[in-house]
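Take a look at the structure below.
The values are calculated or read from the model by the stated rules, or taken from the named source; none is laboratory data. For clarity, every value in this text was computed on a predicted model and none was experimentally measured. Note that each Cβ is placed from the backbone with ideal geometry, even for glycine, and that neighbours are counted across all protein chains shown.
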């Protein structure tokens, strides 16, 4: 049994922890990396585009320069098993350990289109990242954490679409698979004091400088008719976004805050859960 730190501030403190965040060059991944660093963790920022990873790490180091924040960057294609194994080993070798993995890297294919139009190539391209990549990263991280014997946290980024389909069979199916992978690994790794949870973002706008689409009912948002997309699933998603109980799109840092909770002692007895951060999307 682990000893709980004495104060709430201690519960959220990640000082001395090392985190690897995939797909962290921008958007939700970059916000998760920033939030973990703000809580005290050293972070390895990986992305398939090295330049994006380096820019994200530089922002973290600049923001935390007085606190001595350490963020490093690497290129990583999570669909490549050998690259994943090497990246996890490099994280531990460079930063001293691996305590937290945030599996954020993923592909999104819009509304996907009718199943009869989805090619094998399109299916495999998305699943190789969204599912194979999560599996490869979880396997490598779990091996490193079990060997080190210090426990750990694995945070898989699923989606509200795992529970309320509407984007398409490729994306929705992949995020549902991530949810079940999370539950199975939570059961397997609990004896090693490794908590495995799924963070499930709802509508989160990640495009700087452009107002969010498909949100006619939200103040300040650009109005776009669902029919403009010419996609068979757009109407349902547009309708849900327009009726979000919170009344606005989510900010990436709202996902980052939830990731800090799942990475910290605040969630010491939490494993195998699906945590929606969705502005009320799932209660509609």
Original post:
When only residues in the range 258-284 that are closer than 13 Å to residue 102 by Cβ and in a helix (DSSP H, G or I) count, which is nearest to the chain's Cα centre (by Cα)?
Top reply: 259
Original post:
Can residue 151 be described as in contact with a strand residue (DSSP E or B) (Cβ under 6 Å, 6 or more places away or on another chain) and surrounded by fewer than 19 Cβ atoms within 10 Å (Cβ to Cβ)?
Top reply: yes
**OP:** Within the range 130-145, identify whether any single residue is over 27 Å from residue 204 (Cα atoms), surrounded by fewer than 19 Cβ atoms within 10 Å (Cβ to Cβ), over 17 Å from the mean Cα position of the chain (by Cα) and at pLDDT 95 or above, and answer yes or no.
**Re:** yes
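Results for (1) assigned to a helix (DSSP H, G or I); (2) without any contact (Cβ under 8 Å) to a residue 60 or more places away in the chain, shown as yes or no for each residue.
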residue: 19; (1), (2): no, no
residue: 29; (1), (2): yes, no
residue: 69; (1), (2): no, yes
residue: 72; (1), (2): no, yes
residue: 109; (1), (2): no, no
**OP:** Kindly indicate whether any position in the range 50-60 is part of a helix (DSSP H, G or I), touching a residue at least 60 places away in the same chain (Cβ under 8 Å) and in the same structural domain as residue 159 (by TED's automatic domain parsing).
**Re:** no
**OP:** Using the structure shown, decide if residue 78 is at pLDDT 95 or above, buried (at least 17 other Cβ atoms within 10 Å of the Cβ) and in a helix (DSSP H, G or I).
**Re:** no
